[in-house]
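Peer 1: One structure, as structure tokens, below. Some questions next.
Values quoted throughout were computed directly from the atomic coordinates according to the rules given, and no laboratory measurement underlies them. Please read these numbers as outputs of a predicted model, since none were measured by experiment. Virtual Cβ from ideal backbone geometry, glycine too; neighbours counted across all protein chains shown.
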Amino acid sequence: MSLWRRRVAPCPARDKLRAWLAAGATKPMTLTPKDFAGRDFSLTALLFSGPLPERLRQVRRSFCVWVGSLSPFSGWRVFWYRRAGANIGKNAFISPDVVLDLLLPQLITIEEEAVLGLGAIVVAHVYTPDRIIVGRSHVGRRALVGGRGILAVSQIGEEGVLGSNSWPIEPIPAGYVALGVPASMHRRKSTRGDDSRTEDLNIRPEVQQNPET
């Protein structure tokens, strides 16, 4: 039997992940140690231990993400992340030191005119002591992930903002700002026309004071 067609020992976690991806990965999925049937409880080991064609595709994705992370310009980073499988819209800007999911970049969407700040982290899987959660991460149109902000298996709506050093535990609705760990939500205030700004982010709307008093 050729190396290309060599059979790989069955693994429930691999079969579950494969079926979930084939179904469109519409909702987050959870893997537990039981799914790994005694193997290493590691998504990396799982993805790089399948049949040879799958391993080669995984190597290509991870290599493209790695090259993109080393690229000096946003346009180059966008090019390589697209080659890795990420869905990135027109005029999206990706700052240096951004961390994109090295294992599942095809589950990441960054819509047009979105911005990822310096050192932002956008990943499609999360580890806990007893499970691995895998799902899509989505940055909406004209949304912002601030420097060192973490978006993990979550989404930001259109023109939403994830503040610097913040980590939301629930989706950020369109037009909202999320700050802190865990992030709290604050509605943006729009001015006339297309311009919009956020005011008094650290004060909840119900306790804001009139600036004229």
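Peer 1: Give the peptides 18-26, 129-137 in descending order of average Cβ contacts within 10 Å, highest first.
Peer 2: On the way: 18-26: 11.8, 129-137: 17.1.
Top of the packing list down: 129-137, 18-26.
Peer 1: May I ask you to order 30-42, 98-110 by the average number of other C-beta atoms within 10 Å around their residues, highest value first? Could you put the intermediate results ahead of the total?
Peer 2: Values: 30-42: 14.8, 98-110: 21.9.
Ranking, from highest mean packing down: 98-110, 30-42.
Peer 1: Along each of its three principal axes, how wide is the spread of alpha-carbon positions in region 12-189, in whole angstrom units, largest first?
Peer 2: Per principal axis, max minus min of the Cα coordinates gives 51, 33, 25 Å.
Peer 1: OK, next. Pulled fully out, how much extra length does the chain show between Ile133 and Arg55, if you take 0.36 nm times their separation in residues and subtract their Cα-Cα distance?
Peer 2: Values: separation 78, 0.36 × 78 = 28.08 nm, distance 2.10 nm.
Stretched out fully, the Ile133 to Arg55 stretch lengthens by 26.0 nm.
Peer 1: Here is a further query. Work out how much length Ala37 to Ala23 would gain on full extension: take 0.36 nm times their residue separation and subtract the Cα-Cα distance, in nm to one decimal.
Peer 2: Values: separation 14, 0.36 × 14 = 5.04 nm, distance 2.30 nm.
Contour length minus the Cα-Cα distance gives 2.7 nm.
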